[in-house]
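Below: one structure, written as structure tokens.
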Amino acid sequence: MALRGPQMLLLTGCVLCFNGLTTAEATGHPSYVAAVYEHRVLLNPRPWVPLNRSSALEHMEQNLRVFEDQSARAAQQGAQIIVFPEDAIHGFNFTRTSISGYLQDVPDPQKVTWSPCADPQRFPNTEVLQRLSCMARKNHIFVVANMASRHICKQTADPNCPVDGQYQFNTNVIFDDKGFIVGQYHKQNLYFEAAFNTPPKMEYVTFSTPFAGRFGVFTCFDILFQDPAVTLVKDLGVRQVVYPTAWMNQLPLLAAVQFQRSFAYAIGITLLAANIRSVEMSITGSGIFTPWDSLIHHDPKGNSGKLLVRRVPVLDPLFIDNKEGETFKLVPFLGFPKRESEISWGLSSLSTNFNADCPPVSFTSIMMYDNFTLIPLHGSEGNVSVCSGSLCCHLLFQRNERHEFYALGVFDGLHVVHGTYYLEVCALVKCTGDEHTLSGCGGETEHAQTLMDFRMHGTFRTRHVFPGILGSGVVLEIPDHSGWEEAGFYMSRRGMSVGLVTAVLMERIKKILPQMSKGNKAF
């Protein structure tokens, strides 16, 4: 089975395409209003220096006041849930010791039913939880916020307990519209976060809402890994995810909204992604993504926060099935047959013999810290191929201009910078230089003029391949068609309105290998 985009919802014989022409409201399909806030976090200028609890609370108060304002604004626009970014209350680049004044005690909501706003004296050291709980209760809105938490342990009872007797976690906490804590998730895949521990066992966290059913939750770097991200969807049936992040844009393959869009499209979910905002650190990019379309914010200038509010269709199949008198059905995970007959290129059919009479010469260039093998594109149309190990990337293309330099690249191997994990990637990229400066393939750019129609295919070995298309000015595109065929995974796109910056097929990373615990926060 293959995935075809845009994916569709089936309603008693009619097709609902949420592409701006037909909305959830207009068709009567269940829907809700979601909000995400991209926050310009007010940082501790000396995060390596420990603060006492009073000083840490004074710092967090500055960010919480912004949260209160934005929660109220979102609720006034009808939002039923709001997501705030990772690190947005306390900041980042702490050591294990220096973050001590910021740590919160968060009771397990599976064991304790508690509204910090209604019963603030029940547990000590929960001032931040009380503020967030009251935001949710006052505005009748679900609130998702990220904070630094701790959990006391004993080495005699827990062999994984740290030597100082406590776990320190990067934690998302979810409050319902009455202020009760209904979920917490501890980030599994840390990215240079010396202050925090990896949870001793994998967590798959969901929570339920009265307006849209079930949501899953994970954080930032988690999105690149099999667990918990893919498992939540594929094995647990989650189709709606809240996603706090503090993601540093890394073009040409991993700008924040670029990968958020790719993930929501490929896996068939709604993703509520809230990023922090720090232009000087290249951190920006938030959005409300469905499998079909998105509302995004990506502004490379300025440092004001941004609230996004949008009505989206409910995707939880159990919630939809339980709607009285209605029979909605969702497509299964990766569930469409391929539609190869819909693609007509007027070029030779895809094969393993490309330009055999005069094959282009391959070269290598560093892209995202990895040594890609690339092959240049020549002419206004063509049929090219490049291989590395067992992965071969094939491309059919037609373009309107030839003055911008493009190349098709492949990487099949271990990524070993800022962590170690396995990658398989096919990437069509606009190079920042020309054919005389090949090192420019992999350079960061957001702009291109060349309109390109293409069909890309890769001989991937995993079932989890994520297609992404980035247009000039960070315009997000989705493939016309994509999915599995006999020899691998493909995607195609025709009729782009802006120049092509990047088209990428990225294999799902299975797991992070070593524990990363030192260095500065990036994403």
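Quick look at the values:
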item: The one condition in (1) open to solvent by less than 40 Å² (accessible area, probe 1.4 Å); (2) under 20 Å from the mean Cα position of the chain (by Cα); (3) not acidic (Asp, Glu) that Tyr422 fails to fulfil; result: (1)
item: Selection count where residues are touching a helix residue (DSSP H, G or I) at 6+ places or on another chain (Cβ under 8 Å) and modelled with pLDDT of 95 or more, scope the range 93-122; result: 9
item: All strands (runs of 3 or more DSSP E) inside the range 8-84 with 3 or more residues being modelled with pLDDT of 95 or more and open to solvent by 70 Å² or more (accessible area, probe 1.4 Å); result: none
item: Residue list for the range 469-479, filter: in a loop (DSSP other than H, G, I, E, B) and surrounded by fewer than 19 Cβ atoms within 10 Å (Cβ to Cβ); result: Gly473
item: Residue in the range 484-492 that is over 30 Å from Trp48 (Cα atoms), open to solvent by 50 Å² or more (accessible area, probe 1.4 Å), at pLDDT below 85 and over 20 Å from the mean Cα position of the chain (by Cα) present; result: yes
item: Flag for Lys187 being open to solvent by 30 Å² or more (accessible area, probe 1.4 Å), more than 19 Å from Asn322 (Cβ to Cβ) and not aliphatic (A, V, I, L, M); result: no
item: Residues (open to solvent by less than 30 Å² (accessible area, probe 1.4 Å), assigned to a loop (DSSP other than H, G, I, E, B) and within 23 Å of Gln166 (Cα to Cα)) located in the range 116-153; result: Pro116, Thr126, Cys153
item: Matching residues in the range 206-229 - criterion: being of a type in the set (A, V, I, L, M, F, W, C) and surrounded by fewer than 20 Cβ atoms within 10 Å (Cβ to Cβ); result: Phe211, Phe225
item: Within the range 268-294, considering residues that are open to solvent by 10 Å² or more (accessible area, probe 1.4 Å) and farther than 15 Å from Tyr243 by Cα, the one farthest from the chain's Cα centre (by Cα); result: Glu280
item: In the range 254-291, residue modelled with the lowest pLDDT [restricted to those that are under 23 Å from Pro317 (Cβ atoms) and of a type in the set (Val, Ile, Thr)]; result: Ile267
item: Any chance Val173 is assigned to a strand (DSSP E or B), open to solvent by less than 10 Å² (accessible area, probe 1.4 Å) and touching a residue at least 24 places away in the same chain (Cβ under 8 Å); result: yes
item: Selection status of Glu435, open to solvent by 70 Å² or more (accessible area, probe 1.4 Å), over 20 Å from Val386 (Cα atoms), out of contact with any Lys or Arg (no Cβ under 9 Å at 6 or more places or on another chain) and not aliphatic (A, V, I, L, M); result: no
item: Failed criterion for Thr459 (all others in (1) touching a Cys at 6+ places or on another chain (Cβ under 6 Å); (2) open to solvent by less than 20 Å² (accessible area, probe 1.4 Å) hold); result: (2)
item: Given (1) under 19 Å from Met60 (Cβ atoms); (2) open to solvent by 20 Å² or more (accessible area, probe 1.4 Å); (3) aliphatic (A, V, I, L, M), index of the condition Val182 fails; result: (1)
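Let's see how each residue does on (1) touching a Cys at 6+ places or on another chain (Cβ under 6 Å); (2) in a loop (DSSP other than H, G, I, E, B); (3) at pLDDT 95 or above:
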residue	(1), (2), (3)
Phe196	no, yes, yes
Lys201	no, yes, no
Thr206	no, no, yes
Phe215	no, no, yes
Phe221	no, no, no
Asp227	no, no, no
Val230	no, no, no
Tyr243	no, no, yes
Pro252	no, yes, no
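Each row is one residue, and each column tells you yes or no for (1) in contact with a strand residue (DSSP E or B) (Cβ under 7 Å, 6 or more places away or on another chain); (2) of a type in the set (S, T, N, Q); (3) over 30 Å from Trp48 (Cα atoms); (4) in the same structural domain as Asp299 (by the TED database).
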| position | (1), (2), (3), (4) |
| --- | --- |
| Ala194 | no, no, no, yes |
| Thr198 | no, yes, no, yes |
| Thr209 | yes, yes, yes, yes |
| Ala266 | yes, no, yes, yes |
| Asn275 | yes, yes, no, yes |
| Val279 | no, no, no, yes |
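The values are calculated or read from the model by the stated rules, or taken from the named source; none is laboratory data. All values derive from a computational prediction rather than experimental measurement. Heads up, the Cβs are rebuilt from the backbone with ideal geometry, glycines too, and the neighbour counts pull from every protein chain shown. Surface areas here come from the heavy atoms of the whole protein model, side chains and all, with no ligands, DNA or RNA. Shrake-Rupley method; radii C 1.70, N 1.55, O 1.52, S 1.80 Å.
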